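Visitor: Here it is: the structure, laid out below.
The values are calculated or read from the model by the stated rules, or taken from the named source; none is laboratory data. Quick caveat, the model's predicted, so the values are computed rather than measured. Here the Cβ positions follow ideal geometry from the backbone for every residue, glycine too, while neighbour counts run over all protein chains shown. For accessibility, only protein heavy atoms count, side chains too; no ligands or nucleic acids. Shrake-Rupley method; radii C 1.70, N 1.55, O 1.52, S 1.80 Å.
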Amino acid sequence: MPQLQSIAIIGAGLSGLTLALSLHAQGIPCTIYESRSAPLNIGGALMLSPNALRILDALGVYPRIRSEAYEFDTLYFRSPEDKPLDTFEFGSEAKYGYPGVRVYRHVLIRELSAMVSESGVEVSYGKKFVRVVEDTAQGVTWEFEDGTRGSATCLVGADGIHSKVRSYLYPDLQPTFTHTMAVTAAVPTSQLKVPDGYGLPVTILNKTHGAFVIAPQQPSGSEVLIGRQKRAAQLDRAGWDALLNNKEWCIDFLRDGASDFPEIVQNAVRHIETEKINLWPFYVVPKLETWASSSARVVILGDAAHAIPPSAGQGINQGFEDVFTFAAVLKRCEGGEGALKKALAVWQAGRQERIDKVLELNAEIDRRRGPRAPGLEEQEETSRAFELGWLYKVDFEQMVDGWLAKA
């Protein structure tokens with residue numbers, strides 16, 4: 001089998017940059033191509049759990065972002081009357097080696113971009129992938145919007161849920177809009193007048209108005225994200241942009257029905273700065289038969305390959321698992337013709353098994369947070385804790401060795 005002499009990565013987002021660092025750590029050359037003219041420097045905060053932080057630590061990223069992150073261990077859930085309903089463990093340094101953290105996306109992009117540059121990996125901005133031109137056992141050639149072409153041993157689509165690379169594998173597939181969108185804003189924590197002993201981050205449930213989320217960010221927790229979800233009709237990109245730019249509509253939506261929530265929510269929406277508002281629609285991708293072309297020279301991963309609802313906060317965390325294990329599999333991929341294809345099939349099977357378990361966890365979380373039947377409140381409040389060692393405390397190198405041993 002030809003050596004993996006070059007990997008081309010489409011997309012310089014979180015997954016693409018982390019993939020580049022993972023490949024570099026394994027001694028595999030790569031280049032990143034990004035359609036934007038510069039690194040992305042917008043977006044709200046992300047929640048990273050111990051499984052992802054273990055990967056970022058192995059790559060040297062975690063020490064560079066920790067001082068700018070808010071650390072926490074538990075997510076809290078409360079009733080419309082502000083009574084405790086449930087908890088969900090999102091991290092624990094004692095149990096899993098890492099706390100849960102919230103860190104701004106732009107901080108992570110900044111440090112990942114700096115580390116990619118320090119490693120000598122080239123990032124070509126303003127290069128919008130259009131189509132695959134040739135895909136053979138020897139490599140792949142593709143075309144950019146400006147008419148230029150590139151070639152590599154393997155092309156990896158880390159270009160998100162609306163992936164252009166995925167369209168080569170599945171020309172007729174379009175992400176499915178869930179008819180749900182989220183509107184969020186950032187406000188000072190002091191504005192909330194948080195009661196003593198009140199656990200944050202918190203989701204306050206209300207079957208009439210939906211859930212209201214409050215999640216601290218900034219290292220000191222001096223700021224919180226507030227947010228709600230809403231059923232919505234399908235819009236095109238221009239429609240979503242127009243809705244996002246309608247700041248007054250976004251503020252009105254966050255405030256709608258606030259009087260039916262506890263005082264902490266009413267305080268949270270009292271003053272909202274328009275420049276701190278974000279809106280995004282939720283899309284999903286159906287379970288795919290394969291994440292690679294028949295030659296195994298075109299591969300998709302992260303949101304391009306699977307979309308995970310936000311119930312357990314595992315979307316980007318699973319993306320980091322994808323890229324780290326992908327690089328580890330490639331490093332171990334030696335042998336005759338067909339070895340790459342076999343290795344990628346084993347990698348996808350192993351990753352899909354993990355993702356399926358996350359989806360099962362999501363379903364259990366949604367069930368426990370849903371409306372409660374009369375008389376079951378006490379039973380639900382004392383329900384057993386989630387067992388999360390399988391998710392948070394993982395040796396990924398050992399996991400990859402186990403996958404390949406079964407091949």
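Visitor: What does the charge dipole of the chain about its Cα centre add up to, to the nearest 20 debye, if the Cβ of each Lys and Arg holds +1 and the Cβ of each Asp and Glu holds -1? Walk me through the numbers on the way to the answer.
Guide: Values: 42 positive and 50 negative charges, 86 e Å.
Using Cβ point charges on Lys, Arg, Asp and Glu, the chain gives about 420 debye.
Visitor: Using Cα pairs closer than 8 Å and at least 6 residues apart in sequence, work out the relative contact order for segment 1-100, in percent. It would help to have the intermediate numbers written out before the result.
Guide: On the way: 111 pairs, mean separation 21.5, N = 100.
The normalised contact order for segment 1-100 reaches 21 percent.
Visitor: Further question: Which of (i) 352; (ii) 201; (iii) 145 is the computed volume of the Cα convex hull per residue in Å³ for the structure on display?
Guide: (iii)
Visitor: Here's a follow-up. Roughly how many percent of the accessible protein surface of the chain is carbon and sulfur, given a 1.4 Å probe and a whole-percent answer?
Guide: On the way: 8940 of 18120 Å².
Carbon and sulfur atoms account for 49 percent of the accessible area of the chain.
Visitor: What 222 nm value per residue comes from the helices of the chain, counting each DSSP H run with n ≥ 4 as -39,500 (n - 2.57) and dividing by all residues, nearest 500 deg cm²/dmol? Could you put the intermediate results ahead of the total?
Guide: On the way: 14 runs with 142 residues, N = 407.
Only helices count here, giving -10500 deg cm²/dmol.
Visitor: Extending each Cα 7 Å along its Cβ direction at Val284 and Leu40, get the distance between those two points in nm, one decimal.
Guide: The modelled label-to-label distance comes out at 2.2 nm.
Visitor: Name the GluC sites (Glu not before Pro) in segment 294-357 that are in a loop by DSSP and that have at most 10 other C-beta atoms within 10 Å, would you?
Guide: Glu337
Visitor: Net charge near Glu321, counting Lys/Arg +1 and Asp/Glu -1 over other residues with Cβ under 15 Å of its Cβ?
Guide: After counting each charged neighbour, the total is -2.
Visitor: With all protein chains present, calculate the accessible area of Trp249 using a 1.4 Å probe and round the result to the nearest 10 Å².
Guide: Trp249 exposes around 70 Å² with every protein chain in place.
Visitor: To continue, here is another question. Taking 0.36 nm per residue of sequence separation and subtracting the Cα-Cα distance, how much length would be gained by fully extending the chain between Thr148 and Ala339, in nm to one decimal? Display every interim value, and only then the final one.
Guide: Details: separation 191, 0.36 × 191 = 68.76 nm, distance 3.09 nm.
Once the chain is fully extended between Thr148 and Ala339, it gains 65.7 nm.
Visitor: Same structure, new question: Can you tell me the accessible area per residue over segment 286-357, all protein chains present, probe 1.4 angstrom, in square angstrom? Walk me through the intermediate numbers first.
Guide: Numbers: 2380 Å² over 72 residues.
Heavy-atom accessible area per residue stands at 33 Å².
Visitor: Roughly how many Å² is the accessible area per residue of segment 76-192, as a whole number, for a 1.4 Å probe?
Guide: Accessible area per residue: 43 Å².
Visitor: Now, a different point. Of Leu59, Leu235, Leu301, which has the most accessible area with a 1.4 Å probe, and how do the rest follow in descending order? Show your work: numbers first, answer last.
Guide: On the way: Leu59 25, Leu235 65, Leu301 0 Å².
Descending accessible area places them as Leu235, Leu59, Leu301.
Visitor: State which entries of Lys341/Lys406; Lys287/Lys341; Lys230/Lys276; Lys95/Lys276; Lys83/Lys193; Lys164/Lys341 exceed 26 angstrom in Cα-Cα distance in the structure shown.
Guide: Values: Lys341/Lys406 15 Å; Lys287/Lys341 19 Å; Lys230/Lys276 19 Å; Lys95/Lys276 35 Å; Lys83/Lys193 17 Å; Lys164/Lys341 22 Å.
From Lys341/Lys406; Lys287/Lys341; Lys230/Lys276; Lys95/Lys276; Lys83/Lys193; Lys164/Lys341, over 26 Å: Lys95/Lys276.
Visitor: Right, something else. If the cut-off is 19 Å between C-alpha atoms, which aspartates and glutamates fall inside it for Lys331, apart from same-chain ones fewer than 8 positions away?
Guide: Answer for Lys331, where 19 Å is the Cα cut-off: Glu321, Asp322, Asp395, Glu397, Asp401, listed by chain and number.
Visitor: Also: What's the center-to-center distance, using Cα atoms, between segment 73-145 and segment 282-361 in Å?
Guide: Distance between centres, Cα-based: 14 Å.
Visitor: Would you please give the FRET efficiency between Glu248 and Glu364, computed as 1/(1 + (r/R0)^6) with r the Cβ-Cβ distance and R0 = 35 Å, to the nearest 0.05?
Guide: Numbers: r = 38 Å, r/R0 = 1.09.
In this case the efficiency is close to 0.35.
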